Amino acid sequence: MTHAPSPVLPRARPLDAALRALRRDASVLPVVLLVALLALPVPAGGEAAGGGGTGTVADAASALVVGGCVVHLVRTGRRPLTRTAAVLIGLPVIGVTVAALGAPSAATGIAGAARYLQIFVLVPAAVLVLVRDARRLRIVAWALVALALWQGAIGVHQNLTGTGASYAGEDIRAVGTFGSTDVMGMATVVSYGLVCALALAFRPHAPRQRSAAVTCAALLTVPLALSFSRGAWIATAAACTAVLCLAGARRAGRVLLAAGAAAVVLVAGFGLGSDLLQERLGSITQVTGTPDQSVVDRYTMWAASADMWREHPVTGVGLKGFPGHRDGHASLALSAASDTAGAGSGFVRQPLLSPHNMYLLVLAEQGLLGLAALAGSWAALLVLALRAWHGERAGRDGGGARPDCALLACGLLVWQLVDFVYADIGGPSTVLTAVMLGVVAWWSVGSREEAATG
């Protein structure tokens, strides 16, 4: 008796596999779209420093992220946040609300409160809910790396062809698509991508992805150097050191020694690195003697911020109150505006509307109440992220299968906390700060049970 041969099942088509993966990771697509929109050129007259301006397409897309979060919660019936997450993410609302009541006008207070709530409360909470597990977090991380490579490639081309922003009389400063009015935009994006790539290089059981991550991290050091951003350099060095130390002291020592040796060979041996780059690097420690005007302006505005706080120690001068009180507290050394040019824009005098220090900006406008709420939230996230990392190393949460996620969250938060000493919110790249805080919150205070299934 013969049996008919069993039918051969056709292999799954690549398109079907892609559609299944798309449905599986659909929740995180709004976050990826938000990141991708920052690859587009920023129109002239975009958002200014200090949280002002008219906003960008990426800012509008952040509303899509929040809306996608609401739809996801309605469809799945999930609990939005853990109790700890709700408290820590919602803590800045206290200082922002009080400071909005003391703003120069009702319209100014509402606009300022909306910006702070967008960056530090709503979008981070939405990203925390939409990321859900380690797989989706890695998707967001690779999206940040891809954006950094795109912006960095444009920045390197600008430096080589003399089409970047003006620096020391030459149009060589790499700014990507952000233009000369937001010279920190590309530096921030590239720094995020570099930290993400370094953390992803420690993903277990994925040799190809680790190799790709190491290559991306090495490539991103070039546009970061050509951004001439001292604050980004310092923050990236601190974040990468933190990632390497958490990954292992011996490994950190080997990598740092190799990086130092490579830098010495490239700069001293082959003469790579322009005189302007070396001069910019040397100016990091130059706070006395004859510092450049940008350093003078920064320290003058820092002193003005501290003086505003002394007059209003508890609640500050109100949201967006720094520009109105600046001249009454700053010394005559302040130039009151900075010159920008190049990268497709003409000569522009940009008014200095913020102290370029997030902590002092919050202290001046929101007082001790606002600073304690905002910085306290960040400090708690960092402590809980390190605690979760300790549990990951011990093999408790997720069986130790997600060291790259832990390193990514800790590294990004360290970068932001250090960078806020030299920068504040403002510019199109600010929306990435919200994404970063959401990623950190997922690791620090997300649902550990659900995270372990990722």
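The values are calculated or read from the model by the stated rules, or taken from the named source; none is laboratory data. Fair warning: this is a prediction, and the values are worked out from it, not measured in the lab. Neighbour counts run over all protein chains shown; Cβ positions are idealised from the backbone, glycine included. Quick note on the areas: whole protein, heavy atoms, side chains included, nothing else; ligands and nucleic acids left out. Shrake-Rupley method; radii C 1.70, N 1.55, O 1.52, S 1.80 Å.
Per the listing VAL175, VAL190, VAL145, VAL214, the residue uniquely of a type in the set (Val, Ile, Thr) and touching a strand residue (DSSP E or B) at 6+ places or on another chain (Cβ under 6 Å) is VAL175.
The condition of being out of contact with any Leu (no Cβ under 9 Å at 6 or more places or on another chain), in a helix (DSSP H, G or I) and buried (at least 24 other Cβ atoms within 10 Å of the Cβ) holds for LEU361. Within the stretch 125-143, none of the residues are buried (at least 24 other Cβ atoms within 10 Å of the Cβ) and farther than 22 Å from ARG23 by Cα. In contact with a Phe, Trp or Tyr (Cβ under 7 Å, 6 or more places away or on another chain), modelled with pLDDT of 85 or more and under 30 Å from PRO355 (Cα atoms) - does that describe any residue in the stretch 50-58? Within the stretch 50-58 (the criterion being in contact with a Phe, Trp or Tyr (Cβ under 7 Å, 6 or more places away or on another chain), modelled with pLDDT of 85 or more and under 30 Å from PRO355 (Cα atoms)), the answer is no, since none of the residues qualifies. When the stretch 127-165 is filtered for residues that are farther than 20 Å from ARG210 by Cβ, part of a helix (DSSP H, G or I) and of a type in the set (A, V, I, L, M), the ones remaining, listed by number, are VAL127, LEU128, VAL129, LEU130, VAL131, LEU147, ALA153, ILE154, VAL156, LEU160. Applying the set (1) buried (at least 24 other Cβ atoms within 10 Å of the Cβ); (2) at pLDDT below 95 to LEU413 leaves exactly one unmet item: (2). Exactly one residue out of ALA153, ALA148 is within 18 Å of ALA434 (Cα to Cα) and either under 22 Å from the mean Cα position of the chain (by Cα) or open to solvent by 60 Å² or more (accessible area, probe 1.4 Å) (or both), and it is ALA148. No other residue among ALA107, ALA39, ALA44 is at pLDDT 90 or above, of a type in the set (A, V, I, L, M, F, W, C) and over 20 Å from the mean Cα position of the chain (by Cα) apart from ALA107.
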